[in-house]
1. Sorted by average packing, counted as other Cβ atoms within 10 angstrom per residue and highest first, what order do 271-278, 244-251, 339-346, 68-75 take?
2. Give me a comma-separated list of calculated 3J(HN,Hα) values for segment 370-383, in order, Karplus coefficients 6.51, -1.76, 1.60 applied at θ = phi - 60°, integers in Hz, x for any Gly or Pro.
3. Between rounded, prolate and oblate, where does segment 218-290 land on the alpha carbon gyration tensor, with a ≥ b ≥ c its root eigenvalues, rounded for a/c under 1.5, else prolate if a/b exceeds b/c?
4. Could you name the lysines in cross-link range of Lys133, using Cα to Cα under 29 Å and dropping any fewer than eight places away on the same chain?
5. Of the candidates Glu202, Glu318, Glu399, which one comes out as most mobile in a Gaussian network treatment of the chain with C-alpha springs shorter than 10 Å?
6. How much of the DSSP beta bridge set in the chain is antiparallel, as a percent to the nearest 5?
7. What whole-number distance in Å separates the alpha-carbon centres of segment 144-199 and segment 327-378?
8. Work out how far the C-alpha atoms of segment 312-411 reach from end to end along every principal axis, then list the three figures in whole Å, largest first.
Amino acid sequence: MCSRILITIVCFLSLLVMDAWPASGQDQSNPLVIGTVDSLHSSILNEDRKIWVSVPDTTWATFKRNAVLYVLDAESDFSSAQAIVRRFRDLLPDLIIIGITNTNRTRDLTPSRPVSEQGWDSASLASSGGGEKFIQFIQEELIPYVDSKYPTTSYRVLFGHSFGGLFVVNTLVHHNGLFNAYIACEPSLWWDHRRLLKQADEYLATQHFQMKSLFLAITNSVTPHTPLDTSWAKKDTSWRTSQFRSIFHLRDALQKNSKNGLRWSYKYYPDELHGTVSLIALYDGLRFLFDWYYFRDQDRLGQPGYDGVKMIRDHYGEMSRQFGYAVIPKEQDINGLGYLYMSKKQFKVAHDLFKLNIDWFPQSSNVYDSMGDYYLSIGDTDNAIQYFTKALSIQEVPETRQKLNDLQSKKKPKN
């Protein structure tokens with residue numbers, strides 16, 4: 001299953017690349033655009049910052065405003081995120097994607113500055129430890145800028161890999177109100193002698209994380225291309241197992257503190273490398289975070305013993321609870337279901353769906369026209385006339401006017 005999904009994603013990405021970069025000699029006047037480059041000046045960081053932005057096409061977006069996925073290391077992971085969200089839009093909500101590009105990656109993504117670190121010279125360490133300042137930039141400058149310019153909602157997801165994953169964990173532990181959901185892919189929790197990991201132990205035990213979600217991705221970073229004895233690796237004390245051990249330590253801490261309200265899951269990828277896992281982990285992470293999004297009971301709406309309208313209301317009620325704001329479906333989606341069940345002669349289900357649309361969209365002419373069609377289909381002329389008249393009182397539509405005229409002419413007494 002995972003291989004098939006990965007192949008699908010890679011093929012889609014390949015198509016994007018092929019379309020976005022025309023071959024020599026081809027017409028390059030009409031390129032495929034998969035995002036835009038935006039920028040803002042940061043007074044906190046004292047520099048200009050570029051962001052890559054993907055906004056759902058309004059012609060197929062489910063909602064007028066959308067949740068936001070913030071992607072660290074945009075240069076590496078923005079295109080993957082954009083492809084996944086577009087390709088699997090039946091399973092995932094439409095998301096605005098904000099890719100944060102780098103200017104000084106080590107400075108921005110590490111939460112502390114070590115006195116020493118194996119494999120690092122003093123000059124490299126001197127520029128590290130700016131993670132808290134970078135969080136301040138995101139909170140006080142980037143998010144307000146994005147919210148003011150793009151059709152966002154208050155629901156936000158943060159994704160990061162390696163040092164980006166370290167930043168994700170630091171944000172969850174110390175600033176858990178900033179995002180609703182987090183994907184930490186192979187986080188470098190070994191940094192600064194596991195300082196953040198020790199803090200996470202304390203905070204997971206003492207803080208509350210209600211309505212927060214986390215997905216954690218772990219790979220075989222010890223013996224690439226060779227099966228790993230995980231029991232041995234967890235007990236080893238050498239540097240080569242430090243990445244693996246530190247992430248599993250976080251997993252164990254999450255399991256130990258299961259009553260803090262955090263909804264979380266993890267996945268171990270024994271056949272992936274540290275540098276290859278981000279794409280598939282992002283897919284798995286988004287599927288976990290939004291496993292409540294897809295309406296799985298659609299085929300049961302018309303089955304005996306099922307209250308289709310209640311199922312739909314309950315589903316969107318749960319979506320509203322998860323998002324933290326009211327969510328209702330698109331008018332045309334419920335309308336389409338109504339006509340589908342009307343064509344199946346399941347008139348009770350069709351009526352209830354059209355009535356649901358009237359409850360949700362009372363100012364729409366179309367919902368009353370559809371209910372008029374329902375009554376027309378069951379031969380109830382009086383109610384059909386009533387609903388067509390109501391539809392026309394909101395908006396004059398030639399097709400609706402014609403249906404009303406035809407019905408009224410048939411009701412006129414013959415001389």
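1. Values: 271-278: 18.2, 244-251: 20.6, 339-346: 15.2, 68-75: 24.0.
Peptide ranking by packing, descending: 68-75, 244-251, 271-278, 339-346.
2. Those phi angles translate into 5, 5, x, 4, 4, 5, 5, 5, 9, x, 9, 5, 4, 5 Hz.
3. Numbers: a/c = 2.73, a/b = 1.24, b/c = 2.20.
Cα axes put segment 218-290 in the oblate bin.
4. Within the straight-line limit of under 29 Å, Lys133 reaches these lysines: Lys50, Lys149, Lys198, Lys212.
5. Ranking Glu202, Glu318, Glu399 by mean-square fluctuation puts Glu399 first.
6. Values: 11 of 39 bridges.
The answer is about 30 percent antiparallel.
7. If we compute the Cα centre of each part, the gap is 42 Å.
8. 51, 29, 16
Every read-out reported here was derived from the displayed coordinates using simple, explicitly stated rules and does not represent laboratory data. Remember, predicted model here, so these are calculated numbers, not experimental data. Cβ: placed from backbone, ideal geometry, glycine included. Neighbour counts: every protein chain shown.
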